[in-house]
Amino acid sequence: MIPFEIALETVLSCKYATGTEKVPLTSALGRVLAEDIRSDIDMPPFNKSAVDGYACCRRDIFNELEIIEVIAAGKAPEKIISDNQCAKIMTGAMIPQGADCVLMVEHTEKSGENSIKFIKADTAANIAYAAEDVKKGSLVLEKGILIKPEHIAILAAVGCYETEVSLQPKVSIISTGDELVEPYQIPGASQIRNSNSWQLLAQAQQMHVKVKYEGIARDDEEITRHMLEDASETSDVVLLTGGVSMGDFDFVPEMMMKTGFEILFRTIAIQPGKPTVCGRKDNKICFGLPGNPVASFVIFELLVKPLLYKMMGCEFSPRLLRMPFAHEYKRRISERLSVIPVVINSDGTVESVSYHGSAHIHALAYANGMAFIPIGKAVVEKGEFIDVRFI
Ligand code: AMP
Ligand code: MG
């Protein structure tokens, strides 16, 4: 049994295939940026009005102002503002020459057919100045970021319609177990529905990797080996679930070895998730994840996810916070790192959800965090601070 930190280090130091591709903006969401992005323009590109109002010269603001033109957004001013003149201007339109402020419409009143008067004591400039947000040529997005909608806006604004992103690792999923039937089937007396594959599929889909579900491998050495062999030919990462414990039909580690994978570890000091096998063959990685669905979920989050992000050139940094427990928490054994599903309360405390063990997927559905109870710690006092990762 190795500590979780060593398992993570081992996984992250595996060799893997890398590469990049160009994708249009419409396909960039959730991908990892593979190039630094610099702006090809100043932002704003010109001095522009921040309000709807009247562009004029500050020294004239208490005089009656003649309106000499109307400047709409997208239209260049045609006239120069001279003494006691102004131009009616819309938000986002270019400030005309001679003007150094914009009086807000709400702060003026009509004083004649074609003139206005300012009715307040003072005004801000109400101008967004050229290049005040971003200078042409400056770095706006760094290689390695996970592209979110707000990054898409930046890419669009700097004219990056096509973006270089990291290739998506190819992931295959196989569940093992004679007791498993698929969600669209009615389980027989000794059967259960396969939930792991679908959960893993969803976890991988959420990361925008390429994922393929290979089906259920019966508890048969040859079937397991064949499916693993096929999957490892076409994928960078193979995820198997079940068949990794001490049962008579737990063939996964042996079949990984027979397929040519070098086993890196077989058990981790973590709860849930102790029977987690990891193997490597050239630049391919195979995980034998625990059969229990909560354990499978946790190990994907803690081990597989950081690896897949690393393969895409992105350092995974989940939101971690030290938070106080809302109640006392006790556990019987403390020789493993414990990962427990918790609810993060609005008062900033966390509460463990009612949890009967690693098959209790229902508990996970109510949790929005995972609390980490370190090795050697059997009791968490009420109010004691513990690391919590948001999920
Ligand atoms: P195993 O490691 O194969 O002994 O499986 C451990 C436990 O997880 C058993 O109770 C299995 O029935 C259950 N299990 C295994 N695979 C799945 C799966 N794909 N979906 C739901 N439960 C599973
Ligand atoms: Mg099994």
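The values are calculated or read from the model by the stated rules, or taken from the named source; none is laboratory data. Keep in mind that this is a model prediction, so the values were computed, not measured. No Cβ is skipped: glycine too gets one built from the backbone with ideal geometry, and neighbour counts run over all protein chains shown. Note: accessible area is taken over every heavy atom of the protein model, side chains too, but ligands, DNA and RNA are not part of it. Shrake-Rupley method; radii C 1.70, N 1.55, O 1.52, S 1.80 Å.
One table, with the values for the structure above:
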{"read-out": "Residue match in the range 10-25 (condition: hydroxyl-bearing (S, T, Y) and exposed (fewer than 15 other Cβ atoms within 10 Å of the Cβ))", "value": "yes"}
{"read-out": "Search result, residues across the range 334-391 that are farther than 17 Å from K274 by Cα, in contact with a Pro (Cβ under 8 Å, 6 or more places away or on another chain), open to solvent by less than 60 Å² (accessible area, probe 1.4 Å) and not in a strand (DSSP E or B)", "value": "G348, T349, V353, A363, L364, A367, G383, E384"}
{"read-out": "Residue list for the range 183-213, filter: touching an Asp or Glu at 6+ places or on another chain (Cβ under 8 Å) and open to solvent by 50 Å² or more (accessible area, probe 1.4 Å)", "value": "S190, Q191, I192, R193"}
{"read-out": "Qualifying position, being touching a Gly at 6+ places or on another chain (Cβ under 9 Å), over 30 Å from G19 (Cα atoms) and hydroxyl-bearing (S, T, Y), among S334, S338", "value": "S334"}
{"read-out": "Any hit, the range 313-331, residues being closer than 30 Å to N283 by Cα and at pLDDT 95 or above", "value": "yes"}
{"read-out": "Filter result (modelled with pLDDT of 95 or more and more than 6 Å from ligand 1 (Cβ to nearest atom)) within the range 238-251", "value": "V238, L239, L240"}
{"read-out": "Residue among N126, N84 that alone is at positive phi, away from ligand 2 (no atom under 16 Å from the Cβ) and over 45 Å from the mean Cα position of the chain (by Cα)", "value": "N84"}
{"read-out": "V211, sole failed condition from (1) within 12 Å of ligand 2 (Cβ to nearest atom); (2) assigned to a strand (DSSP E or B)", "value": "(1)"}
{"read-out": "Residues of the range 231-277 satisfying the condition of being over 12 Å from F287 (Cβ atoms), surrounded by fewer than 22 Cβ atoms within 10 Å (Cβ to Cβ) and of a type in the set (A, V, I, L, M)", "value": "M246, M257, A269"}
{"read-out": "Residues that are within 16 Å of ligand 2 (Cβ to nearest atom) and either within 30 Å of L33 (Cβ to Cβ) or crowded, with 16+ Cβ neighbours inside 10 Å (or both), drawn from the range 144-178", "value": "I173, I174, S175, T176, G177"}
{"read-out": "Set S245, S197: member being within 15 Å of ligand 2 (Cβ to nearest atom) and either in contact with a helix residue (DSSP H, G or I) (Cβ under 7 Å, 6 or more places away or on another chain) or outside any loop (DSSP other than H, G, I, E, B) (or both)", "value": "S197"}
{"read-out": "Filter result for T224 (open to solvent by less than 40 Å² (accessible area, probe 1.4 Å), within 13 Å of ligand 2 (Cβ to nearest atom), touching a residue at least 12 places away in the same chain (Cβ under 8 Å) and closer than 18 Å to L307 by Cβ)", "value": "no"}
